[in-house]
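What follows is a structure written as structure tokens; I'll ask about it next.
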Amino acid sequence: MTDHGYLALLRQREFAGLYAGFTLLAGAGTLSGFALGTLVQARTGSPFLTAVSMYGSSFAAVLGALTLMSVADGARPRRTLVALHLLALAATLGQAVPGLPLAARFGLLLLVGFFQSLGTGTRMGLLAEIVPPGGYARARSLMNVTAGGAAVLGFALGGALLAVLTPYQVLGAAGGLTALAAAVVAVTVRERSVRPPRRPGLRETWRGNAELLGRPGRRALLLNLWVPNGLVVGCEALLLPYAPSAAGTLLAAGAAGMLAGDLLAGDLLVGRLLDAARRARLAYGLRLLLAGPFLLLAAGPPVWAAAAAVGAAGVGFAATLPLQERLLALTPTAAQGQVQGVESAGRIAWQGVGAALAGGLAQLVEVRWAIGALAGVSLLVTVLSRPAVRREGAAGRPGAGAGAGVGAEAATAGGA
């Protein structure tokens with residue numbers, strides 16, 4: 001790449017198609033989740049069922065990671081990704097059927113969640129093969145920014161559409177976006193032929209997962225990608241009971257901080273302004289920033305101060321990208337899709353775990369103390385796991401495969 005900016009990536013036809021398909025699918029997922037939650041809330045009046053309808057698929061994603069992830073590194077990743085898009089289309093159109101029993105709706109939701117980690121792993125495996133080695137982290141950053149923006153825009157658009165359309169019609173619109181995503185990927189992304197032949201299946205998935213989790217330092221990387229983020233999402237899940245009249249302001253501040261952090265990750269952490277050692281040190285600081293500001297909420301500050309704290313914490317999510325970069329650098333090419341799918345599934349699952357832990361703790365103590373406790377545990381995990389993360393970085397294997405060049409510099413930095 002002669003240009004390190006986002007535009008240089010988007011000039012590559014295959015990346016542009018993969019990115020456009022991901023953007024459309026992310027928007028469709030936000031729209032359909034919002035419409036389904038609205039539908040379940042109107043039908044049942046149950047906050048629990050409403051929350052599960054919007055976020056319950058995270059736990060099914062873990063089951064997919066445990067059983068299917070070897071398929072992400074199969075010989076025909078493009079075909080796999082298009083098939084998963086079509087499965088999501090069928091499930092979304094099924095949700096758009098009026099009168100469908102709630103049991104069937106939750107069944108469709110869990111089905112899509114089960115295959116979600118496989119879709120992520122396949123997409124990111126393709127990404128590592130499509131972009132040049134020096135462009136992977138910037139491409140991943142762009143997709144992270146898009147995911148955050150799609151969530152904000154999707155919820156805003158969903159609210160506007162539901163003022164004039166029924167939830168079923170909004171689900172139909174989400175199905176249209178999903179169909180377009182499948183068509184774009186099918187037309188623009190070519191099949192890859194560089195992967196070694198494998199026999200995907202349950203045994204291969206377990207073997208790959210066991211190898212992934214077999215090294216303490218690699219486990220520490222996954223721990224840092226999963227647990228601190230999930231516990232902070234738990235803090236965010238308590239913002240509504242923490243400040244009912246100002247929850248919208250606090251959530252908006254968190255979303256703005258997250259988007260700013262994603263842009264920071266793309267332009268600073270993995271750009272040309274910082275070398276690998278400085279990126280690693282800054283990543284550790286960002287992980288501390290992720291949880292630290294939530295400690296302020298335990299003191300019951302004014303709304304403006306709480307919003308500033310939540311916004312600052314959102315910037316800390318930028319630590320995810322350099323950790324993903326390092327994990328990929330330590331992974332053989334033949335297993336990159338599986339590893340990224342497992343990482344994504346675990347991160348999504350821990351968001352659900354964090355929200356559940358937060359809600360349970362808030363039943364026993366004041367909400368502000370529950371937020372402070374989760375933030376404290378998140379900081380503790382980050383600090384205690386740092387030595388193992390640094391050892392893993394210092395021991396980064398040369399020759400881990402072609403994909404190791406994506407983040408080999410970060411893997412040898414050892415500063416996080």
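The values are calculated or read from the model by the stated rules, or taken from the named source; none is laboratory data. Being a predicted model, the structure only gives us computed values, none of them experimental. With ideal geometry, Cβ positions are generated from the backbone for all residues, glycine too; neighbour counts draw on all protein chains shown.
All but one of (1) modelled with pLDDT of 80 or more; (2) more than 14 Å from Pro167 (Cα to Cα) hold for His4, so report the exception by its number.
In the conditions (1) modelled with pLDDT of 80 or more; (2) more than 14 Å from Pro167 (Cα to Cα), His4 misses (1) alone.
Only one of these is under 28 Å from Pro322 (Cα atoms) and touching a residue at least 40 places away in the same chain (Cβ under 8 Å): Arg140, Arg105. Name it.
Numbers: Arg105 fails: under 28 Å from Pro322 (Cα atoms).
Step by step, each of Arg140, Arg105 is checked, and only Arg140 is under 28 Å from Pro322 (Cα atoms) and touching a residue at least 40 places away in the same chain (Cβ under 8 Å).
Does segment 76-83 include one or more residues that are closer than 11 Å to Leu118 by Cβ, buried (at least 18 other Cβ atoms within 10 Å of the Cβ), at pLDDT 85 or above and of a type in the set (S, T, N, Q)? Spell out how you get there, then give the answer.
Initially, segment 76-83 is screened for residues closer than 11 Å to Leu118 by Cβ, giving 77, 80-81, 83.
Okay, now just the ones that are also buried (at least 18 other Cβ atoms within 10 Å of the Cβ), so 77, 80-81.
If we keep only those that are at pLDDT 85 or above too, we end up with 80-81.
If we keep only those that are of a type in the set (S, T, N, Q) as well, we get 80.
Yes, segment 76-83 contains at least one residue that is closer than 11 Å to Leu118 by Cβ, buried (at least 18 other Cβ atoms within 10 Å of the Cβ), at pLDDT 85 or above and of a type in the set (S, T, N, Q).
Right, here's the next one. For Ala139, work out the one condition from (1) assigned to a loop (DSSP other than H, G, I, E, B); (2) closer than 22 Å to Val315 by Cα it doesn't fulfil.
(1)
On to the next question. Go through (1) within 22 Å of Arg287 (Cα to Cα); (2) more than 16 Å from the chain's Cα centre (by Cα); (3) β-branched (Val, Ile, Thr); (4) modelled with pLDDT under 70 one by one and return the number of the condition Thr331 breaks.
(1)
So, one more: Which one of these is at pLDDT 70 or above and within 24 Å of Leu126 (Cα to Cα): Trp206, Trp226? Outline the logic, then answer.
Details: Trp206 fails: at pLDDT 70 or above.
Trp226 is the lone residue from the list that is at pLDDT 70 or above and within 24 Å of Leu126 (Cα to Cα).
Results for (1) surrounded by 20 or more Cβ atoms within 10 Å (Cβ to Cβ); (2) modelled with pLDDT under 75, shown as yes or no for each residue.
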{"site": "Pro132", "(1), (2)": "no, no"}
{"site": "Ser141", "(1), (2)": "yes, yes"}
{"site": "Leu161", "(1), (2)": "no, no"}
{"site": "Gln169", "(1), (2)": "no, no"}
{"site": "Ala182", "(1), (2)": "yes, no"}
{"site": "Glu191", "(1), (2)": "no, no"}
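Let me ask you something else. Suppose we filter Ala252, Ala243 for residues that are over 12 Å from Trp350 (Cβ atoms) and either surrounded by 19 or more Cβ atoms within 10 Å (Cβ to Cβ) or within 18 Å of the chain's Cα centre (by Cα) (or both); which single one remains? Give the derivation first.
On the way: Ala252 fails: either surrounded by 19 or more Cβ atoms within 10 Å (Cβ to Cβ) or within 18 Å of the chain's Cα centre (by Cα) (or both).
Only one candidate qualifies: Ala243.
Using the structure shown, decide if Val377 is at pLDDT below 75 and of a type in the set (A, V, I, L, M, F, W, C). It would help to see each step written out before you state the result.
Working: at pLDDT below 75: no; of a type in the set (A, V, I, L, M, F, W, C): yes.
Here the answer is no, as Val377 does not meet what is asked.
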